[in-house]
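Undergrad: The structure that follows is given in the form of structure tokens.
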Amino acid sequence: MASLICAAKALAADSAVVIGNLDDLSGVYSDDGGPGAVEGMRMAIADFGGGVLGREVRTLVADHQNKPDIGASKLREWADQKGLNMMLVGANTGVSIAMSKVAAARKIPLFIIGAVGASLTNED
């Protein structure tokens, strides 16, 4: 009986929708998105009542510090260890390109907000 209860709790925890937001929270692009984008994401989730289709929505937030390697590794970590379902990334094109490769490999939808590198709509 105890194993059934634990299994039910584990399934309930896994059923949450996990949205990541990796943005420039303190650098040159922080005014374009950064803390404001994070707050906007949280406000939108609150407008939906904190869930969708009976599932809780959880958020993960981090500062990529405008470094592509940090962006890619954080996305990889969240996808592999935190149950990431969807990812948002801010205005840094280099970070967005690095993250797009990881997102494609992990089959995580990646929404790029503000980056305008031509390769993002073509090969990347």
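The values are calculated or read from the model by the stated rules, or taken from the named source; none is laboratory data. Bear in mind the structure is a predicted one, so any value in this text is a computation, not a measurement. Every residue, glycine among them, receives a Cβ derived from its backbone with ideal geometry; neighbour counts consider all protein chains shown.
Undergrad: I'm checking my understanding of the structure. Among residues of region 88-112 that are outside any helix (DSSP H, G or I) and in contact with a helix residue (DSSP H, G or I) (Cβ under 6 Å, 6 or more places away or on another chain), which one is farthest from Ser15 (Cα to Cα)?
TA: Going through region 88-112, the residues outside any helix (DSSP H, G or I) turn out to be 88-92, 107-112.
Restricting the remaining residues to those that are in contact with a helix residue (DSSP H, G or I) (Cβ under 6 Å, 6 or more places away or on another chain) gives 89, 108, 110, 112.
Numbers: Val89: 23, Ile108: 16, Leu110: 20, Ile112: 25 Å.
Ranking the qualifying residues of region 88-112, first place goes to Ile112.
Undergrad: Further, regarding this structure: Anything in region 25-67 that is among the small types (Gly, Ala, Ser), part of a helix (DSSP H, G or I) and either in contact with a strand residue (DSSP E or B) (Cβ under 6 Å, 6 or more places away or on another chain) or farther than 25 Å from Asn92 by Cβ (or both)? List them, or say none.
TA: Gly34, Ala37, Ala46
Undergrad: Taking region 97-111 on its own, how many of its residues are among the charged types (D, E, K, R) and either surrounded by 11 or more Cβ atoms within 10 Å (Cβ to Cβ) or closer than 15 Å to Lys74 by Cβ (or both)?
TA: In the first step, residues of region 97-111 are kept if they are among the charged types (D, E, K, R); the result is 101, 106-107.
If we keep only those that are either surrounded by 11 or more Cβ atoms within 10 Å (Cβ to Cβ) or closer than 15 Å to Lys74 by Cβ (or both) too, we end up with 101, 106.
Matching residues across region 97-111 total 2.
Undergrad: Within the group Ala91, Ala72, which residue is buried (at least 19 other Cβ atoms within 10 Å of the Cβ), modelled with pLDDT of 95 or more and out of contact with any Leu (no Cβ under 9 Å at 6 or more places or on another chain)?
TA: Numbers: Ala91 fails: modelled with pLDDT of 95 or more.
The unique qualifying residue is Ala72.
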